[in-house]
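The values are calculated or read from the model by the stated rules, or taken from the named source; none is laboratory data. As the structure is a computational prediction, the values presented were derived from the model and not from experiment. In this analysis, Cβ positions are derived from the backbone assuming ideal geometry, glycine residues included, and neighbour counts consider all displayed protein chains. Accessible surface areas use protein heavy atoms only, side chains included; no ligands, DNA or RNA. Shrake-Rupley method; radii C 1.70, N 1.55, O 1.52, S 1.80 Å.
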Amino acid sequence: MQIDGSLIAYLEDLSCLTLSEDEKNRLTGDLEEILGGMARLGELDTGNVPERSHPFDDVNAFREDETLPPFDRELILKNAPNRRGDVFVAPKTVE
Amino acid sequence: MLNMSALKLSDAVRAKKLGVAEAVRAYLDKAAGNGHNAFLTVDGERALARAGAVQARLDAGELLSPLAGVPIALKDNITTAGVRTTCASKMLGGYVPVYNATVVEKLERAGLVVMGKLNMDEFAMGGSSETGAFGPVRNPWDVSRVAGGSSGGSAAAVAGGEIPIALGSDTGGSIRQPCSFCGVTGIKPTYGSVSRYGLIAYASSLDQIGPVGQSVEDCAALLSVISGPDEKDSTCVTGKAFDFGRDIPEKLDGFVIGLPRNYFGGGIDGAVRQAVLAAAEELEDAGGRVEEFEMPLMDYVIPAYYIIACAEASSNLSRYDGLKYGYRSASANTLSEVYRLSRSEGFGLEVKRRIMLGSFVLSSGYYDAYYKKALQTRALIKDAYDGLFKRFDMILSPVAPTTAYRLNENVDDPMKMYMGDIYTVSVNLAGLPAVSLPCGFDGKGLPVGFQLIGEAFSEKKLAAAAMAYQRRTDWHTKRPAGGEAV
């Protein structure tokens, strides 16, 4: 699989990352080699095999649907990098 | 003074031969040197306060667990209220959680004393504990070598005698392989037997918390404490905590142990092969019957694992946005820049590599060929194991193809690093339990480990075989120079 600059740029967008030139150079080669190895799965005949996204079929342990007090707002905001009063601060998104 | 297992240490505390604070102080002194960079945080003040509280409960006659009074340290992806939890990442360098992981609550109820947080690969992504933002963990047997990963801090701290017992987490071998590299014992429990609430997610369908200790007995005791249902984790499907009880058989008569002969072909070090095959003979002498077989799908486990793990990681790590908690770039002006720059400056290269791989395999046009194919391969691997456990009680295999390699030896070769997980990842894909045990040394004096893999929720059977092995051998009692327990 050929990894070029435009695919790296596309993956940066999908991943919400901006790589340095050095990182781009390293990851271009790495991704090419790793995805080449992953493509080996193409050898397997998996025609009618169902997809398994979880180790077991019995995947959910339900609990009673009860109303409980919510997490304290002050605690939620405690690790905010930037807050004002009781809200997170983010740059303006509308003009 | 305290050269004893975690269980014996608790016995001494409960018999009032030793104070809890005395035990904690001794380990705090030992950990203070931190010569292996195993600890990221040592929480002395809180540990001593907790020691006092545990002592008061013991003195009041409260019946605590067989590990009451024992100091413990946790891999730094396990959330601790009021104590920095970094995942060895700049992204969470200043993160102080406001809640405890369920396992931490269970440890505290059982009277263990959390003493600190342990180094690891960044976000548990790696097999050498070199990808973290706070320097590599060094192997106590040879400090120029890696401790393995991603729970390298947990294994190195136990091997180095800096803590009697620890918790790690295993997504693709991250408890078992560092235990093998450092000559200690670890259990990767069945998926869904230990709550993941408060375990900072890497790959949610694969991650499990498990014990790292000096022996299977210690690890089983700790697994009894941390396992069991939790209403805060809906994937924790177990009905009750493990009870290893006192009826563990001494002999293995009737146990059929599968030995995958294709695990011992090319690519495995001669010394590892020899030590692991000797372990199989030992279990045969203990009454087990060893039968060779061919492990199916061996060439496909690494691609399937890395596709699924990276896909889940790319989704899980999308929560780090620089807004709610974690690192925020000082040079970001727009919302888009807050996201992109915070993530780009906060994550290390291996994490970025895996997020990008995950984004790729989930992207339009590639999803079917990679992600869907990997999920189908996972089904084949699970089916293969189901078939094998109709023939065998357990499977015996190497943990890693080599012993601990030199620091920086593989950091620029991710594919080589990933191939080191060849014997461990399929266990996670199938959700199975496995125990990693020391079984010898190579010519350089580095530990070798093997693993016993069982069907889901067969921990008691695995513990029986592992205890039988450790009763007959003394590999698990060997310690590196300076690594004697305090």
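For the stretch B:342-386, which positions are under 13 Å from A:Leu19 (Cβ atoms), more than 7 Å from chain A (Cβ to nearest Cβ) and over 24 Å from the mean Cα position of the chain (by Cα)?
Hit for the stretch B:342-386 is B:Glu345, nothing else.
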What is the number of the single condition among (1) open to solvent by 10 Å² or more (accessible area, probe 1.4 Å); (2) in contact with a Cys (Cβ under 8 Å, 6 or more places away or on another chain) that B:Asp76 does not meet?
(1)
Find all pairs meeting these conditions: Cβ atoms under 8 angstrom apart; at least six residues apart or on different chains; first residue within the stretch B:25-43 and among the aromatic types (Phe, Trp, Tyr); second residue buried (at least 17 other Cβ atoms within 10 Å of the Cβ) and assigned to a helix (DSSP H, G or I).
B:Phe39/B:Ala31; B:Phe39/B:Gly153; B:Phe39/B:Ala157
Tally time: how many residues in the stretch B:79-108 are without any contact (Cβ under 8 Å) to a residue 24 or more places away in the chain and more than 14 Å from chain A (Cβ to nearest Cβ)?
1
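Within the bounds of the stretch A:28-39, is there any residue that is open to solvent by 80 Å² or more (accessible area, probe 1.4 Å), out of contact with any Gly (no Cβ under 8 Å at 6 or more places or on another chain) and more than 7 Å from chain B (Cβ to nearest Cβ)?
First, pick out the residues of the stretch A:28-39 that are open to solvent by 80 Å² or more (accessible area, probe 1.4 Å): A:33.
Next, from what is left, pick out any that are out of contact with any Gly (no Cβ under 8 Å at 6 or more places or on another chain): A:33.
Subset that is more than 7 Å from chain B (Cβ to nearest Cβ): none.
No, every residue in the stretch A:28-39 fails to be open to solvent by 80 Å² or more (accessible area, probe 1.4 Å), out of contact with any Gly (no Cβ under 8 Å at 6 or more places or on another chain) and more than 7 Å from chain B (Cβ to nearest Cβ).
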What residue, among those in the stretch A:43-72 that are within 7 Å of chain B (Cβ to nearest Cβ) and small (Gly, Ala, Ser), is nearest to B:Asp383 (Cα to Cα)?
A:Ser53
Looking at B:Phe392, B:Phe441 in this structure, which one is more than 14 Å from every other protein chain (Cβ to nearest Cβ), open to solvent by less than 30 Å² (accessible area, probe 1.4 Å) and modelled with pLDDT of 95 or more?
B:Phe392
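Of A:Glu43, A:Glu64, A:Glu51, which residue is surrounded by fewer than 16 Cβ atoms within 10 Å (Cβ to Cβ), under 30 Å from B:Val237 (Cβ atoms), out of contact with any Asp or Glu (no Cβ under 6 Å at 6 or more places or on another chain) and at pLDDT 95 or above?
The unique qualifying residue is A:Glu51.
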Given the conditions (1) assigned to a loop (DSSP other than H, G, I, E, B); (2) open to solvent by 30 Å² or more (accessible area, probe 1.4 Å), report the number of the one that B:Ile268 does not fulfil.
(2)
Taking the criterion of being among the small types (Gly, Ala, Ser), within 14 Å of chain A (Cβ to nearest Cβ), open to solvent by 40 Å² or more (accessible area, probe 1.4 Å) and under 25 Å from B:Tyr385 (Cβ atoms), would at least one residue in the stretch B:229-238 satisfy it?
yes
